[in-house]
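The values are calculated or read from the model by the stated rules, or taken from the named source; none is laboratory data. Note that the structure is predicted; figures quoted are calculated from it, not measured. Because the Cβ atoms are built from the backbone with ideal geometry, glycine has one as well, and the counts that use them run over all protein chains shown. These area figures cover heavy atoms from the full protein model, side chains too; ligands, DNA and RNA do not enter into them. Shrake-Rupley method; radii C 1.70, N 1.55, O 1.52, S 1.80 Å.
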Amino acid sequence: MLRLFRIRRDMLGSAVSRRLSTTCSPLPPTPLPHRREVHLWYIKPEEINDSSSQLKHYMDLLSPSEKRDVSSLSGERLQKNAILARTLTRTTLSRYCDGRVDPGSIKFRKGLYGKPEIMWQDGDNIIKPPLQFNLSHTSSLIACAVALETPIGIDVEEKKRQTVKSVLAVARRYFTVSEVEYLAAIPYPDIQQKEFIQLWTLKEAYVKAIGRGFSGAPFKNFTIVMGSDKRAPKMHIEADSDCEGLADNCQFALMELNSSHVVAVCMERDQEISDDEKNSLRLKVWRTIPLIEDELVSGTETVNYICGLS
């Protein structure tokens, strides 16, 4: 049985149709990101029926250990999102392997602090691009970011995310003194909530980019400084913090997706590029239903860039 694979290449809606087998076939190849470019692919779980045959097909792409992890989760919604997150990672990476790698054949290993990495097989007769990737998800959106060579971090948060305690109470527990002061100086609760979510998302993206995670790089060890014009958030390490393993030469990009989610991307600056403009991040964003449909949404109302992009 064959399925129609629809790709909308630009805002004008021009389409190219392809056919893919429902077996574990490689996806049509996608050009690799440029040196300072990030490709972001995201899924909206609501667009995939919980009992669809496609979801069962996605399950077939997973490794035995991934299937066990999915089965161990309680609740159909958690299981579905876990399947989609792993499928998104596999299908996204497969796109950049010249169409010669099945999504289900990709193997992973964990880095020093547990961050997943691609584990290329020695006998693979393919070009092995130096892909870096990172995944983030909420219950309503799952996103995978890809770059070349430079480690990357991404975080996704719902704009209406609610905290059990007040924003300032949570900030005092996790943020630095200067970040708490920044939030406390905002007189309007809705704006304060918005700024809190943005700061949290930026900090999550940072600790994921350096491969440490929240436990390896507590949020109180570094401060995100937002410029007054908010065009380029900058990060510095607080002098009295334990700074071992933290980097202070990172770039950030901040955006909204679908008017419902805040997304932050972080990667280190390229030390070999002195021109700030050439060193700036560039971003392409796709909405996808893996093996079914891709839509390039960069430059549309779906993506609202807040700051940090060239």
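Tell me which residues, restricted to region 260-279, are open to solvent by less than 30 Å² (accessible area, probe 1.4 Å) and either hydrophobic (A, V, I, L, M, F, W, C) or modelled with pLDDT under 90 (or both). Scanning region 260-279 gives V262, V263, A264, V265, C266, M267, D270, N279.
Within region 48-59, does at least one residue satisfy the condition of being at pLDDT 95 or above and either open to solvent by 80 Å² or more (accessible area, probe 1.4 Å) or touching a Lys or Arg at 6+ places or on another chain (Cβ under 9 Å) (or both)? Checking region 48-59: at least one residue is at pLDDT 95 or above and either open to solvent by 80 Å² or more (accessible area, probe 1.4 Å) or touching a Lys or Arg at 6+ places or on another chain (Cβ under 9 Å) (or both). Contact map, region 197-212: first residue more than 14 Å from E256 (Cα to Cα), second residue assigned to a helix (DSSP H, G or I), Cβ cut-off under 6 Å, separation 6 or more or different chains; pairs are K203/F219; V207/G213; V207/F214. All told, S241 meets the bar of being at pLDDT below 90, among the small types (G, A, S) and open to solvent by 10 Å² or more (accessible area, probe 1.4 Å). Yes or no: region 168-186 includes at least one residue that is open to solvent by 30 Å² or more (accessible area, probe 1.4 Å), assigned to a loop (DSSP other than H, G, I, E, B) and among the hydroxyl-bearing types (S, T, Y). No, there is no match, as no residue in region 168-186 is open to solvent by 30 Å² or more (accessible area, probe 1.4 Å), assigned to a loop (DSSP other than H, G, I, E, B) and among the hydroxyl-bearing types (S, T, Y). For region 42-149, the helices (runs of 4 or more DSSP H) that sit wholly inside it and include 1 or more residues that are in contact (Cβ under 8 Å) with a residue 60 or more places away in the chain and small (G, A, S) are 76-94. Residues in region 290-299 that are at pLDDT 95 or above, aliphatic (A, V, I, L, M) and open to solvent by 20 Å² or more (accessible area, probe 1.4 Å): L296 only.
Tallying residues that are more than 21 Å from L281 (Cβ to Cβ) and either in a loop (DSSP other than H, G, I, E, B) or in contact with a Cys (Cβ under 9 Å, 6 or more places away or on another chain) (or both) within region 291-300 yields 2. Looking only at residues in region 103-137 that are of a type in the set (S, T, N, Q) and surrounded by fewer than 17 Cβ atoms within 10 Å (Cβ to Cβ), which one is modelled with the highest pLDDT? Filtering first and then ranking leaves S105. Checking every residue in region 143-155 against the condition of being touching a strand residue (DSSP E or B) at 6+ places or on another chain (Cβ under 8 Å), modelled with pLDDT of 85 or more, of a type in the set (D, E, K, R) and open to solvent by 60 Å² or more (accessible area, probe 1.4 Å) gives at least one match. Give region 187-210 a look and list any residue that's in a loop (DSSP other than H, G, I, E, B) and buried (at least 20 other Cβ atoms within 10 Å of the Cβ), or say none. If the condition is that a residue be in a loop (DSSP other than H, G, I, E, B) and buried (at least 20 other Cβ atoms within 10 Å of the Cβ), then I210 is the only one that fits. Is it the case that E37 is acidic (D, E), surrounded by 15 or more Cβ atoms within 10 Å (Cβ to Cβ) and touching a helix residue (DSSP H, G or I) at 6+ places or on another chain (Cβ under 7 Å)? So E37 fails the test.
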